[in-house]
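The values are calculated or read from the model by the stated rules, or taken from the named source; none is laboratory data. Predicted, not measured: the structure shown is a model, and the values here were computed from it. Cβ placement follows ideal geometry from the backbone for every residue including glycine, while neighbour counts extend to all protein chains displayed. For the accessible areas, the whole protein counts, side chains as well, though only heavy atoms, and no ligand, DNA or RNA atoms are used. Shrake-Rupley method; radii C 1.70, N 1.55, O 1.52, S 1.80 Å.
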Amino acid sequence: MMRLWREKPRGRDRAALDRFLEAHAAFVGQRMTIGYCEIKAGPLRHSLFREEGFRVMMERARWEAFAAVRADMAVVAQARLRSHVDDAAALDAPLVDGFATSLAAAPYFTDRPDGFAAEAAVLADRLAQARLAAPVPPARVFAVGGARVFDCLPIHTSLRAHEREMIVNGVCFHAMGALAKGDIQLDWPAIARDLVSQAQVAA
């Protein structure tokens with residue numbers, strides 16, 4: 001018997017938004033770090049990925065890339081959400097908190113004694129600045145994280161000096177694809193109301 005196809009319910013709250021942003025930031029970050037290094041190493045990739053020193057650098061790069069893309073996605077999400085609420089500033093705290101929660105699982109890096117707390121502060125400032133003007137094209141936002149992804153790649157700069165544009169464009173391409181899925185899978189007005197409601201309760 002043929003079954004009728006049923007559309008999956010759209011995400012309507014902060015939990016759904018956080019899950020979506022975290023999953024897609026992880027995908028983009030890993031795709032552009034691990035995937036790039038596998039291609040760059042070519043036939044030597046199996047031995048390279050078994051080296052302990054490289055594995056440590058790769059783990060670091062993976063989390064740095066995740067943080068960069070996750071922050072950009074929060075900025076783009078704010079642009080999608082703010083037209084649905086009267087007080088757009090109320091969106092900032094839940095978005096920053098969701099980002100910080102996503103990074104709470106990151107391993108300890110000796111040069112980051114406070115984890116990614118500084119990144120959360122930077123994101124808060126980016127969100128505040130973004131509210132002062134009309135939303136910029138999402139690709140411009142994702143280019144910020146794309147540049148950071150390139151900078152954290154565990155391949156010597158002399159071997160990737162001319163590949164910045166390729167990495168930035170790759171991050172933008174995959175992140176824009178995730179945003180398109182978000183427009184289908186997420187109920188932006190309902191999520192905006194939920195974030196504002198949570199912010200009011202927290203206050």
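Say whether the condition of being more than 23 Å from Phe20 (Cα to Cα), open to solvent by less than 30 Å² (accessible area, probe 1.4 Å) and either of a type in the set (D, E, K, R) or over 16 Å from the mean Cα position of the chain (by Cα) (or both) is met by at least one residue in the range 157-167.
Let us first name the residues in the range 157-167 that are more than 23 Å from Phe20 (Cα to Cα), namely 157-166.
Subsequent filtering for residues that are open to solvent by less than 30 Å² (accessible area, probe 1.4 Å) retains 160.
Still in the list and also either of a type in the set (D, E, K, R) or over 16 Å from the mean Cα position of the chain (by Cα) (or both): 160.
Checked the range 157-167: at least one residue is more than 23 Å from Phe20 (Cα to Cα), open to solvent by less than 30 Å² (accessible area, probe 1.4 Å) and either of a type in the set (D, E, K, R) or over 16 Å from the mean Cα position of the chain (by Cα) (or both).
Inspect all residues belonging to the range 46-61 and state whether any of them is among the hydroxyl-bearing types (Ser, Thr, Tyr), within 30 Å of His156 (Cβ to Cβ), out of contact with any His (no Cβ under 9 Å at 6 or more places or on another chain) and at pLDDT below 95. Before the answer, list the steps.
Restricting attention to the range 46-61, the residues satisfying the condition of being among the hydroxyl-bearing types (Ser, Thr, Tyr) are 47.
Checking which are within 30 Å of His156 (Cβ to Cβ) leaves us with 47.
Next, only the ones that are out of contact with any His (no Cβ under 9 Å at 6 or more places or on another chain) stay: 47.
The next check asks that each one be at pLDDT below 95; those that pass are 47.
The answer is yes, given that some residue of the range 46-61 is among the hydroxyl-bearing types (Ser, Thr, Tyr), within 30 Å of His156 (Cβ to Cβ), out of contact with any His (no Cβ under 9 Å at 6 or more places or on another chain) and at pLDDT below 95.
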The condition from (1) of a type in the set (S, T, N, Q); (2) surrounded by 15 or more Cβ atoms within 10 Å (Cβ to Cβ); (3) more than 18 Å from Ala77 (Cβ to Cβ) that Gln198 misses is numbered (3)
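May I ask you to list the residues in the range 17-26 that are out of contact with any helix residue (DSSP H, G or I) (no Cβ under 7 Å at 6 or more places or on another chain) and among the hydrophobic types (A, V, I, L, M, F, W, C)?
So in the range 17-26, the residues out of contact with any helix residue (DSSP H, G or I) (no Cβ under 7 Å at 6 or more places or on another chain) come out as 19, 23.
Scanning the range 17-26 gives a single hit, Ala23.
Tell me, which helices (runs of 4 or more DSSP H) wholly within the range 1-88 include 3 or more residues that are surrounded by 15 or more Cβ atoms within 10 Å (Cβ to Cβ)?
On the way: elements: 14-41, 45-48, 52-81.
Helices (runs of 4 or more DSSP H) meeting the threshold: 14-41, 52-81.
What number of residues in the range 101-111 are open to solvent by 40 Å² or more (accessible area, probe 1.4 Å) and either hydroxyl-bearing (Ser, Thr, Tyr) or closer than 22 Å to Met73 by Cα (or both)? Even if it seems obvious, please write down each step before you answer.
First pass over the range 101-111, keeping only residues open to solvent by 40 Å² or more (accessible area, probe 1.4 Å): 101, 104-105, 107-108, 110-111.
Cutting the leftovers down to either hydroxyl-bearing (Ser, Thr, Tyr) or closer than 22 Å to Met73 by Cα (or both) gives us 101, 104-105, 107-108, 110.
Residues meeting the conditions: 6.
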Selection within the range 124-153 - open to solvent by less than 20 Å² (accessible area, probe 1.4 Å) and not in a helix (DSSP H, G or I) | Leu153
